[in-house]
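The values are calculated or read from the model by the stated rules, or taken from the named source; none is laboratory data. Owing to the predicted nature of the structure, the values given are computational and were not obtained by experimental measurement. Note: ideal-geometry Cβ built from the backbone for every residue, glycine included; neighbour counts use all protein chains shown. For the accessible areas, the whole protein counts, side chains as well, though only heavy atoms, and no ligand, DNA or RNA atoms are used. Shrake-Rupley method; radii C 1.70, N 1.55, O 1.52, S 1.80 Å.
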Amino acid sequence: MNSLKQKILEEGKVLSDSVIKVDTFLNHQVDPVFMQSIGEEFSKLFTGSGITKVLTLESSGIAPAVMTGLSLGVPVVFARKRQSLTLHEQMYSAEVYSYTKQEANNIAVSKDYIDAHDRVLIIDDILANGQAALGMVNIIDQAGAALEGIGVVIEKGFQEGREALRKRGIHVETLASIESLADGHVTFQTKEALSE
Ligand code: 5GP
């Protein structure tokens, strides 16, 4: 998605060889019109999958997930991060190690909002090592629901997440795939650039 790549180049701040800050449009401030175009893009990429629900993780996944749900015409559920390991009977839960915070969190979704009849699309902001995505996959498995795919706004292709998800045969779509953040520069994957 060229408009996204342009926004990353213009507004993204490379903090290190592995971390990029995109607070201006994704992780702190949200541009609703731009976010809506992201939702429409995901909706096109997963059209025909019979999706009944979008699942994301609070908080940065919520904006792109809501716009995708709006475009697909389905409800959006966000997994909550819980401090406590005390699990409630009415919740599905999974442990997720946070790449940016370097700590483990429990994420949880009420059993009221996902069940075995659902066909779920996971949407998230950034894919790094895939922990957040795999935690949500785990929750979908616990619910007995079908996973239709995972849509990620920005993928860091040089980290493990992409491979971990694809090895499981999951349909993964990313709107911008970063190949490298070396020397303070963002380089996108050429394969993706060629296919656009
Ligand atoms: P993963 O679970 O794939 O290792 O990490 C994904 C989560 O960590 C994302 O939802 C995102 O919030 C955060 N994250 C990972 N890498 C980055 C990064 O380079 N920049 C920002 N802003 N967030 C990141």
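Using Stokes-Einstein with the Kirkwood hydrodynamic radius over Cα pairs, what translational diffusion coefficient do you get for segment 1-99 at 10 °C and a viscosity of 1.306 mPa s, in µm²/s rounded to a whole number? The partial results should precede the final answer.
Numbers: Rh = 15.4 Å.
Answer from the Stokes-Einstein relation: 103 µm²/s.
With everything on Cα atoms, drop me the angle between helix 62-72 and the longest principal axis of the chain, reported from 0 to 90° to the nearest 10.
Orientation of helix 62-72: about 80 degrees from the principal axis.
Percent of Cα-Cα pairs per 10 Å bin, from 0 to the last occupied bin, for segment 52-196, please list those.
In whole percents, the pair-distance histogram is 12, 41, 34, 11, 2.
Which angle between 0 and 90 degrees, to the nearest 10, do you get for helix 32-45 versus the longest principal axis of the chain when only C-alpha atoms count?
The answer is roughly 70 degrees.
Among DSSP bridges having both ends in segment 27-147, what percentage is antiparallel? Round to the nearest 5. Please report the intermediate quantities before stating the final value.
Details: 11 of 20 bridges.
Among the beta bridges of segment 27-147, antiparallel pairing accounts for roughly 55 percent.
Which GluC sites (Glu not before Pro) does segment 16-69 hold that lie in a coil by DSSP with at most 14 other beta carbons within 10 Å? Display every interim value, and only then the final one.
Values: sites: Glu40, Glu41, Glu58; in loops: Glu58.
Listed in order of number, the matching sites are Glu58.
How large is the convex hull of the Cα atoms of segment 1-46 per residue, expressed in Å³ as a whole number?
Details: hull volume 3.9 nm³, N = 46.
So the per-residue hull volume is 86 Å³.
With a 1.4 Å probe and every protein chain kept in, tell me what percent of the accessible surface of segment 1-117 is carbon plus sulfur.
Numbers: 3290 of 6510 Å².
Answer for segment 1-117: carbon and sulfur cover 50 percent of the accessible area.
Expressed as a rounded percentage, what relative contact order does the chain have, with Cα pairs under 8 Å and six or more residues apart?
Working: 387 pairs, mean separation 38.7, N = 196.
In percent, rounded to a whole number, it is 20.
Exceeding 22 Å between C-alpha atoms, which entries from my cross-link table qualify? They are Lys53/Lys111; Lys53/Lys81; Lys44/Lys81; Lys21/Lys53; Lys21/Lys44; Lys21/Lys156.
Values: Lys53/Lys111 13 Å; Lys53/Lys81 19 Å; Lys44/Lys81 29 Å; Lys21/Lys53 29 Å; Lys21/Lys44 27 Å; Lys21/Lys156 12 Å.
In this structure, Lys44/Lys81; Lys21/Lys53; Lys21/Lys44 lie more than 22 Å apart at Cα.
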